[in-house]
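First up is the structure itself, then whatever we jot down about it.
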Amino acid sequence: NDYYLSGLSKSRTSFASKLKRLGSGFKGVDEDFLEELMIILLEADLGIETAEKIIRGVESKAIETKAKSMDEVNDILFEEMQTLYNSFEDEEFKFNEDGPTVILMVGVNGSGKTTTTAKLANKFKNEGKSVLLIAADTFRAGAVDQLKRWADRIGVDCVMGKNNADPASVIVDGCRQAKENGNDLIIADTAGRLQNKVNLMKELEKMHRVIDREIPEQPAAVWLVIDATTGQNGISQAREFTTATDVNGIILTKLDGSAKGGIVISIRNLLGLPVKYVGLGESVDDLKEFDIDSFIYSICG
Ligand code: GDP
């Protein structure tokens, strides 16, 4: 999977070369070795809690299997990351059988939410779905126009909210239009203001309520966009959203610009949510469905 590999080249160069350097002086899995490995994991942005968990796993497996080479340790390390990632149950994204399916995009400003909304619209359109975008990020200057420009370029309809309009009312307009038009999919770009937790929660609650009223049992997906370059700080911001609303998937953007791909494992460990897609560039095609095995292969291989 070359595309995946090239998009993650920064993480791969950094992570794989450090492991190689560590392995060049391999004398066994002792305390010094584990300390060095811990540093590599922290530099890859696994965060302390997650890195410690992995280190404990590597240590006990290495003892159990009497690992005698760096290759063996690498295998154990990759397996520990895979096992950790796969230890959660995920809700699958399904299309609504009657009426449009709704995806709600949430996340802080600058995370790449609007761009990702466009990328998803493009992907689903290419899969034959009729997509309607809702530009409900009415508080960030330019966000609505930005999404509209993407919509025109991709060739999908876009319902635009007026400046500072109530996002929920824009969403109502969008849902009604989608029902009228018979769209398969609605993707709503929402506001990413985080200055007030209570407001955020209320806003999101209201959006959920109006969507459920217009199209029962929706939204099917609430996807939280996280900028990979913001590291552990990005994860704590993400927590504000996961406590405010029922997020059921993560989209991790800007992994192409980051050498810290380990954040995927950290997000998984700390939030328990699946990474659905990763953003690997600024163009509309730079979105890749996430797969833990190819991901680990790409950053370690
Ligand atoms: P929003 O405020 O969350 O809606 O963020 P935008 O969608 O406007 O994105 C902010 C910036 O990040 C823009 O310059 C995007 O082109 C850029 N961006 C978004 N996703 C990616 C990505 O996956 N890779 C890179 N390199 N840039 C991205």
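The values are calculated or read from the model by the stated rules, or taken from the named source; none is laboratory data. Because the structure is predicted, anything quoted here is derived from the model rather than measured. No Cβ is skipped: glycine too gets one built from the backbone with ideal geometry, and neighbour counts run over all protein chains shown.
In this structure, does residue 100 turn out to be of a type outside the set (A, V, I, L, M), within 16 Å of the ligand (Cβ to nearest atom) and in contact with a Lys or Arg (Cβ under 9 Å, 6 or more places away or on another chain)? Criteria not met by residue 100. The test for being crowded, with 21+ Cβ neighbours inside 10 Å, among the β-branched types (Val, Ile, Thr) and near the ligand (Cβ under 10 Å from one of its atoms) does not hold for residue 264.
Pairs are defined by a Cβ separation below 6 Å, a sequence spacing of at least 6 or placement on different chains, a first member in region 103-127 that is closer than 19 Å to residue 168 by Cβ, and a second member that is away from the ligand (no atom under 13 Å from the Cβ) and at pLDDT below 95; the pairs so defined are 104/219.
Here is a yes/no grid of residues against (1) farther than 17 Å from residue 189 by Cβ; (2) crowded, with 22+ Cβ neighbours inside 10 Å; (3) modelled with pLDDT of 95 or more:
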{"site": "210", "(1), (2), (3)": "no, no, yes"}
{"site": "219", "(1), (2), (3)": "no, yes, no"}
{"site": "230", "(1), (2), (3)": "yes, no, no"}
{"site": "236", "(1), (2), (3)": "yes, no, no"}
{"site": "242", "(1), (2), (3)": "yes, no, no"}
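In region 128-147, the residues that are within 20 Å of residue 210 (Cβ to Cβ) reach residues that are within 8 Å of the ligand (Cβ to nearest atom) and part of a strand (DSSP E or B) with C-beta atoms within less than 9 angstrom, at least six apart or across chains, in these pairs: 133/189; 134/189; 135/189; 136/189; 137/189; 143/189; 144/189; 147/189. In the set 119, 148, only one residue is within 11 Å of the ligand (Cβ to nearest atom) and either on the phi < 0 side of the Ramachandran plot or surrounded by 20 or more Cβ atoms within 10 Å (Cβ to Cβ) (or both); that residue is 119. In region 135-145, of all residues being among the hydrophobic types (A, V, I, L, M, F, W, C) and closer than 13 Å to residue 190 by Cβ, the one that is surrounded by the most Cβ atoms within 10 Å (Cβ to Cβ) corresponds to 136. Cβ separations smaller than 8 Å between residues 6+ apart or across chains give the following pairs from region 161-177 residues that are surrounded by fewer than 16 Cβ atoms within 10 Å (Cβ to Cβ) and modelled with pLDDT of 90 or more to residues that are among the acidic types (Asp, Glu) and in a helix (DSSP H, G or I): 176/214.
When the criteria are applied in full, residue 128 fails the requirement of being within 16 Å of the ligand (Cβ to nearest atom) and surrounded by fewer than 17 Cβ atoms within 10 Å (Cβ to Cβ).
Okay, residues lined up against (1) within 25 Å of residue 232 (Cβ to Cβ); (2) in contact with a Lys or Arg (Cβ under 8 Å, 6 or more places away or on another chain); (3) more than 16 Å from the ligand (Cβ to nearest atom); (4) not acidic (Asp, Glu):
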| position | (1), (2), (3), (4) |
| --- | --- |
| 30 | no, no, yes, no |
| 33 | yes, yes, yes, yes |
| 60 | no, no, yes, yes |
| 68 | no, no, yes, yes |
| 77 | yes, no, yes, yes |
| 110 | yes, no, no, yes |
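Restricting attention to region 250-271, the residues that are farther than 16 Å from residue 77 by Cβ and over 13 Å from the mean Cα position of the chain (by Cα) total 6.
Note on region 115-143: residues that are within 24 Å of residue 193 (Cβ to Cβ), in contact with a helix residue (DSSP H, G or I) (Cβ under 6 Å, 6 or more places away or on another chain) and in a helix (DSSP H, G or I) total 3. What do you reckon, is residue 281 within 14 Å of the ligand (Cβ to nearest atom), in a loop (DSSP other than H, G, I, E, B) and either on the phi > 0 side of the Ramachandran plot or among the small types (Gly, Ala, Ser) (or both)? Spelling it out, residue 281 is indeed within 14 Å of the ligand (Cβ to nearest atom), in a loop (DSSP other than H, G, I, E, B) and either on the phi > 0 side of the Ramachandran plot or among the small types (Gly, Ala, Ser) (or both). Somewhere in region 90-97, is a residue of a type outside the set (D, E, K, R), in contact with a helix residue (DSSP H, G or I) (Cβ under 8 Å, 6 or more places away or on another chain) and either touching a residue at least 12 places away in the same chain (Cβ under 8 Å) or within 18 Å of residue 221 (Cβ to Cβ) (or both)? No, that holds for no residue. Considered as a group, the residues in region 208-256 that are hydroxyl-bearing (Ser, Thr, Tyr) and outside any strand (DSSP E or B) include one that is farthest from the ligand (Cβ to nearest atom), and that residue is 243.
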